[in-house]
Amino acid sequence: MKAVVVVHGGAWAIPDEISKASVDGVKAAARDGFSVLRRGGSAVDAVESAVRAMEDNTVFDAGHGSVLNTDGEVELDAIIMDGRTLASGAVSSVRNIANPVSLARAVMEKTDHVMLTSRGANLFAKKIGMVTLPTDTLVTEYERNEWEKHKKYVTGVKELFNSQWGHDTVGAVAVDCSGNVACATSTGGIRNKMVGRVGDSPIIGSGGYADNRSGAVSCTGHGESILKVTLARLVLLHTEQDAVELSLRYMGDRVRGGGGAIAVSPSGEWAAKFTTERMAWAAVEHDVLWYGLDPNEKCKEQLSQ
Amino acid sequence: MLPVLVVHGGAGHIPDDRAELACSGLCSATRVGYGVLQGGGSAMDAVVEVVTQLENNPMYNAGCGSVLNAKGEVEMDAIVMDGKTLASGAVSAVRNIANPVQLARLVMDKTSHVCLTAEGAGRFARAMGVPEVPGHSLITDYSRMRWEKNLAPDANPVECQMGKMGTVGAVAVDVEGNVACATSTGGILNCMEGRVGDTPCIGCGGYADNKVGAVSPTGHGEAIMKVTLSRLILFHMEQGQSAEAASDLGLAYMKERVGGLGGVVTVDPRGHWAARFTSRQMAWAAAQQDTLHHGLYTGEHFTQNLDHQP
């Protein structure tokens, strides 16, 4: 059994100013996830750990570093799924917690449900002792300024929509030493989104899906398009080698949406593909760290570095 | 063969004293929805109309008659999907409105989003001029009684309420060959506040694609989500299975893989349809050409002439 972890930090026209930080961020998250696998941790542990690392990193639109909704507040979505049992946990529109992916895991492991939203999700977070942080702690000054700029010019979601802007949802997929697969995805959504807007990230089959019989996928990109084609599920329904590419192309043709996806098979094959200008991604298998940003870029580093 | 409308009023265990009303309510709603199609209305218009009828009928676990969450309040979910464009609208955990399916349609038609939740969905409703209704107007004596019973410490909410009152849904193909689906629910009795089931999750609580067909499910929500039941059934149809065979495959998989029971109504763009379930019962009805079909228990298939008004 080959243990592999793949992570992404968003598929969009990542500006040069943050490209290094984005690539560094995904590399660190991939290393993090792999170290969990290497010491015998499960695929679920690995994807949670990798996504937590990116939630804590303000360069990504998840947890710390999230964008603001139209009210100037933070609403977070996340999902985690265990390919062995198809168990899943998701939260949508949860406010002001640092690690939504961990709350999603708690939904999966501590409730009879798959998804909690909004106030109910926050009540559950409180019940299990998860701390709520002030908005200013989670949001960067850069984001606050961008949000105000957009507000002034009434640049709503319609412009960010389907354009190459701000799709830096984060996610991870993994297969562990026992051949179990898992996925996790986390986001703060689209800047200036309507209050209560739920994108693809917490929706099972869209933002992520994991099944030991076929593999695990995590998606990023234009949320509404990903939803319309249930992208994660679509990738896993294809049995061809280039399932990710075929699915992304379908999304582009059928609903004119762009994005990216990472996928891992139960036997350890993996892919990281995107139809946007860039996607920050990284993968670790054996002792090699692979990563990229621009199309067709695939850099390599020895893990011991 | 076209148009066709297939409707369900929940899968599970409907007590005998409520069964007849559940079936007759479904039949009359189906007649109304089919009238929309016969008049040249779209598949989307028809599914929204029939689900609206069922939301307004206190017999079903949707709109008025919704089950109560742990706090004794009503939180509702709904979805619509248009098979032509794959456009979709959904609301989750919405309160104090009579017709969540209509709000879901507004999300699809009037926003650039696919799903709105909770307070945001409520705010959108007000912005659209959707009337706010007091919570108690959605609560029936029956749903309150079920809720109180379930507060007993040894009650198992999933068993206790499986389809005793049902999620509602519909699929349709109109004269132009466009397909659509709609599903609406009050969720699971005594569930945690903010619990979201399959209904508003695209691919789970419904899916519609002109190239393949449309599905609306009912049953154990968490199980439907884990197997993305609607998308799965349509996948089998893409592989060449009939609506009926694909539905059975999907339901069997859900039972085998995650131990969940439920039912679906399914249609393909040529008008072949199926109403299939692994639960003990599913109230269903279908209208096509001059015939109204309906059933409740496994194997039942009654027909009536559509011109016959009971």
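Only the coordinates and a few stated rules stand behind these numbers; no lab work does. A quick note: this is a predicted structure, and the numbers were derived from the prediction, not measured. Using ideal geometry, Cβ is built from the backbone for each residue, glycine included, and neighbour counts are taken over all protein chains shown.
Restricting to Cα atoms and excluding each atom paired with itself, what does the Kirkwood estimate give for the protein assembly as shown in Å? For the protein assembly as shown, inverting the mean 1/r across all distinct Cα pairs yields 23.6 Å.
Ranking A:10, A:78, A:43 by Cα position along the charge dipole of region A:1-116, where only Lys, Arg, Asp and Glu carry charges on their C-beta atoms, puts A:43 farthest toward the positive end.
With both partners inside region A:204-305, how many of the DSSP beta bridges are antiparallel, as a percent to the nearest 5?
Here the share of antiparallel DSSP bridges comes out near 95 percent.
Kirkwood-type hydrodynamic radius, chain B: 18.4 Å, calculated from all non-identical alpha-carbon pairs.
Run the reach check for residue A:20 against lysines, Cα to Cα strictly under 18 Å, same-chain hits fewer than 8 apart removed. What comes back? Counting by Cα, and skipping residues close in sequence, residue A:20 has these lysines nearby: A:298, A:300. Put simply, the amide H of residue A:182, placed in the peptide plane, has neighbours under 5 Å in A:83, A:174, leaving out anything fewer than 5 places away on its chain. Straight-distance candidates among the aspartates and glutamates for linking to residue A:152, with alpha-carbon spacing under 18 Å and chain neighbours fewer than 8 residues away dropped: A:71, A:73, A:141, A:143. In the P(r) worked out for region A:168-213, what percent of Cα pairs fall beyond 16 Å? Tail of P(r) above 16 Å: 45 percent of Cα pairs. Dividing the radius of gyration of the alpha carbons in region A:207-305 by their Kirkwood radius gives 0.98 for Rg/Rh.
Taken one residue at a time, the phi angles of region B:277-288 give Karplus couplings (6.51, -1.76, 1.60, θ = phi - 60°) of 7, 9, 7, 5, 9, 8, 6, 9, 8, 9, 10, 7 Hz. Gly and Pro are set to x. The three principal axes of the Cα atoms in region B:212-273 give end-to-end lengths of 32, 18, 14 Å, sorted in falling order.
Add +1 for every Lys or Arg and -1 for every Asp or Glu among the other residues with Cβ under 9 Å from the Cβ of residue B:183, and state the total. Mind dumping the intermediate values first?
On the way: positive: none; negative: B:77, B:198.
Cβ neighbours under 9 Å give a net charge of -2.
Using the crude model of +1 on Lys and Arg Cβ and -1 on Asp and Glu Cβ, and no other charge, please compute the dipole size for chain A relative to its Cα centre, in debye to 20. Don't skip to the end; give the middle numbers.
Details: 32 positive and 38 negative charges, 112 e Å.
So the dipole magnitude of chain A works out to roughly 540 debye.
Over the alpha-carbon set of region A:220-260, divide Rg by the Kirkwood Rh and report the Rg/Rh ratio to two decimals.
Working: Rg = 9.0 Å, Rh = 9.8 Å.
A ratio of 0.92.
Evaluating 6.51 cos²θ - 1.76 cosθ + 1.60 at θ = phi - 60° for every residue in region B:127-132, the Karplus couplings come out as 4, 8, x, 6, x, 8 Hz, glycine and proline recorded as x. The H on the amide N of residue A:2, modeled in the peptide plane, is under 5 Å from the matching H of no residue at least 5 residues off or on a different chain. Dimensions of region B:128-285 from C-alpha coordinates, computed as largest minus smallest value along each principal axis and given longest first, are 48, 44, 25 Å. Here's the picture: a label point sits 7 Å out from the Cα of residue A:19 along the beta-carbon direction, and within region A:263-279 the residues with their amide nitrogen under 17 Å of it are A:274-279. What residue among B:210, A:121, A:214 has its Cα farthest toward the positive end of the dipole of the protein assembly as shown, where the charges are +1 on Lys, Arg and -1 on Asp, Glu, each on the Cβ? About the Cα centre, the residue reaching furthest to the positive side is A:121. Helix content alone sets the calculated 222 nm mean residue ellipticity of the protein assembly as shown: runs of n ≥ 4 DSSP H residues at -39500 (n - 2.57) each, divided across all residues, give -10000 deg cm²/dmol. Of the beta bridges in chain B, as assigned by DSSP with both residues counted there, near 95 percent are antiparallel.
Return the subset of A:126/B:149; A:27/B:84; A:228/B:149 for which the Cα-Cα distance in this structure is over 32 Å, preserving the input order. Display every interim value, and only then the final one.
Details: A:126/B:149 28 Å; A:27/B:84 41 Å; A:228/B:149 40 Å.
Over 32 Å Cα-Cα: A:27/B:84; A:228/B:149.
Karplus-based coupling profile of region B:193-204, in residue order and whole Hz: 4, x, 5, 10, x, 6, 3, x, 9, 4, x, 9, with θ = phi - 60° in 6.51 cos²θ - 1.76 cosθ + 1.60 and x standing for Gly or Pro. Distant-in-sequence amide contacts of residue B:206, defined by a placed amide H-H separation under 5 Å and a gap of 5 or more residues or a different chain, comprise B:230. Charge tally for residue A:181 (other residues, Cβ to Cβ under 10 Å; Lys, Arg +1; Asp, Glu -1): -1.
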